[in-house]
1. For the stretch 184-200, name all the residues that are crowded, with 19+ Cβ neighbours inside 10 Å and more than 16 Å from ligand 2 (Cβ to nearest atom).
2. Could you please find all residues in the stretch 219-244 being under 28 Å from the mean Cα position of the chain (by Cα) and more than 30 Å from LYS173 (Cα to Cα)?
3. So which residues in the stretch 449-473 are surrounded by 14 or more Cβ atoms within 10 Å (Cβ to Cβ), assigned to a loop (DSSP other than H, G, I, E, B) and within 34 Å of the chain's Cα centre (by Cα)?
4. Considering TYR324, TYR377, which residue is aromatic (Phe, Trp, Tyr), surrounded by fewer than 18 Cβ atoms within 10 Å (Cβ to Cβ) and either under 24 Å from ASP408 (Cβ atoms) or in the same structural domain as ASN272 (by TED's automatic domain parsing) (or both)?
5. Yes or no: ASN425 within 30 Å of THR367 (Cα to Cα) and either modelled with pLDDT under 85 or in contact with a strand residue (DSSP E or B) (Cβ under 6 Å, 6 or more places away or on another chain) (or both)?
6. Could you grab me the full set of residues in the stretch 201-218 that are within 16 Å of ligand 2 (Cβ to nearest atom) and under 25 Å from the mean Cα position of the chain (by Cα)?
7. Is it the case that some residue within the stretch 333-355 is of a type in the set (A, V, I, L, M), in contact (Cβ under 8 Å) with a residue 40 or more places away in the chain and within 21 Å of THR185 (Cβ to Cβ)?
8. Can you spot a residue in the stretch 274-297 that is of a type in the set (Val, Ile, Thr), at pLDDT 95 or above and within 16 Å of ligand 1 (Cβ to nearest atom)?
Amino acid sequence: MRIAPRISYTKPSMLEVNGEIYKCIPEDLSLFGIKFRDNIANLEIGDDVIVHLELNDEVSLNGMVSRLIESGFVVMFNEDPEVIANTVGKYLTDKIFESKACPYCGQFLKKKVEICSKCGMYLDFSKKEVVKITKDLKLGNFISKLVHEKRVDYGALCTEENIEMVGSSPKMKQVFSLIRKYAQTDYPVLILGETGTGKELTARAIHERSRRKNKPFVVVNCAAIPEDLLEAELFGYEKGAFTGAHHRKIGRVETADGGTLFLDEIGDLPYNLQAKLLRFLQDGTFERLGGNKTHKVDVRIIAATNINLKKAIEKERFRKDLYYRLSSLSIELPPLRERGNDVIVLAKYFLTKFCKEQNKTNVIGFTKEALELMKSYTWPGNIRELINVIRKTCVLVEKDIIDVNDLDIRFENINLAEAEEGILNLNKHIENLEKELVKKAFILAGGNITKMASLLSVSRPKVYKLIEKYKIGRVKENIN
Ligand SMILES: Nc1ncnc2c1ncn2[C@@H]1O[C@H](COP(=O)(O)OP(=O)(O)OP(=O)(O)O)[C@@H](O)[C@H]1O
Ligand SMILES: [Mg+2]
């Protein structure tokens with residue numbers, strides 16, 4: 001039996017995929033998803049989409065492409081039960097009672113009832129509790145199906161310590177794919193990215209997918225250890241190597257034998273030590289400080305930095321040969337502001353996590369405005385900053401739904417360095433705003449140019465230019 005009822009729904013709808021808008025014809029609608037009978041070029045399973053539907057009111061629902069079929073594709077909604085109940089749930093309920101027949105057993109429905117008197121199934125999906133129960137039932141089905149098919153695509157990587165690396169934006173999918181590929185090799189990897197983008201998490205994810213996963217993962221932060229101690233820390237020392245060296249000390253490279261050594265902030269590695277690291281990278285050999293015996297270990301090096309190593313090379317602070325040795329396999333982690341809907345996915349992920357930790361079972365989610373704010377903020381501290389904001393919100397919030405004022409987002413966090421990188425570029429922001437407005441006008445006008453011109457208060461030729469400029473014109477006109 002189908003657990004979530006499905007009704008025929010064929011009103012032309014707008015679909016946003018990767019910033020582009022398509023006009024598509026749906027086939028049917030259920031509580032948890034919608035099926036379209038069009039094909040969109042390059043659409044992939046896992047793509048985030050926004051579906052604009054005209055139900056009792058106009059609604060926009062976040063979703064993900066879950067299936068590609070010959071005659072179209074299926075989008076599963078990615079929304080809280082409350083949102084589903086208030087939108088699709090209400091609409092479905094109205095349609096069920098309009099039809100006067102139970103969608104499960106066909107029992108005649110004289111009036112609106114919560115439960116069908118014949119088959120006992122829930123019929124009022126405008127209640128979030130009913131949506132939740134139905135979802136749980138459906139999830140049970142879904143999981144058993146996945147186990148059966150042995151095919152799971154979570155859009156997330158789970159590390160051994162159960163720390164998930166969450167994301168489903170195209171850029172993060174590429175990162176996940178590199179992690180999987182690099183994990184199969186023993187070559188050094190260089191991870192680049194702004195502060196808080198997940199460099200250490202990425203290094204761990206590579207280690208945990210590699211043949212070294214049962215061996216140590218050793219972290220050395222090159223910026224945190226004083227320059228004159230770093231060599232001893234990395235390579236160890238013999239008794240009497242220097243005043244105070246009362247006994248032999250094994251360095252971190254030896255501790256990491258068989259496993260992975262993660263050299264964080266590699267840009268801060270002192271110049272004289274860089275040659276020693278290069279030699280170690282080439283043949284795995286080194287001498288302890290004050291010793292003349294050469295040791296050999298089997299260690300994979302993963303390095304990370306948030307500074308521009310090419311500039312450091314120009315300033316002769318970083319060796320070119322070491323850079324090339326380290327960077328033949330590299331991963332560039334995108335800043336959070338370039339991960340599109342991942343901000344929302346991560347915010348919801350951490351909200352659930354922290355609410356569970358703090359036993360705040362009443363907190364359901366974010367208001368639309370709060371989600372918009374998080375999406376428009378530039379997150380200079382990236383995921384670490386997002387985590388801090390959500391954790392603090394969870395501690396302080398006394399409401400069920402988190403609103404703009406509950407989020408401690410401070411726009412003055414933007415510093416000069418980031419400003420130089422173009423965060424304050426006014427033209428860029430004006431362009432983004434223009435694009436958003438044109439997109440909205442397009443949706444409201446259903447693609448009608450005259451209506452758009454009137455909504456935007458510009459001429460029709462200008463509308464054509466804007467559509468061309470922002471590629472909004474790449475619309476699939478599926479309507480006859
Ligand atoms: N994609 C992600 N999904 C979930 N959590 C993440 C993700 N990326 C990072 N995190 C979390 O964000 C925090 C910061 O990540 P991490 O320490 O790996 O960043 P970093 O780039 O090494 O930062 P820094 O440059 O400041 O050292 C950690 O708590 C990490 O678990
Ligand atoms: Mg780090």
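1. Residue satisfying the conditions is PRO188 alone.
2. none
3. Within the stretch 449-473, TYR470, ILE472, GLY473 meet the criteria.
4. TYR324
5. So ASN425 passes the test.
6. Residues satisfying the conditions are LEU201, THR202, ALA203, ARG204, ALA205, ILE206, HIS207, PHE217.
7. Yes, that holds for at least one residue.
8. The answer is no, given that none of the residues of the stretch 274-297 is of a type in the set (Val, Ile, Thr), at pLDDT 95 or above and within 16 Å of ligand 1 (Cβ to nearest atom).
The values are calculated or read from the model by the stated rules, or taken from the named source; none is laboratory data. Quick caveat: nothing in here was measured; it's all calculated off a predicted structure. Positions of Cβ are generated from backbone atoms using ideal geometry, with glycine treated the same way; all protein chains shown enter the neighbour counts.
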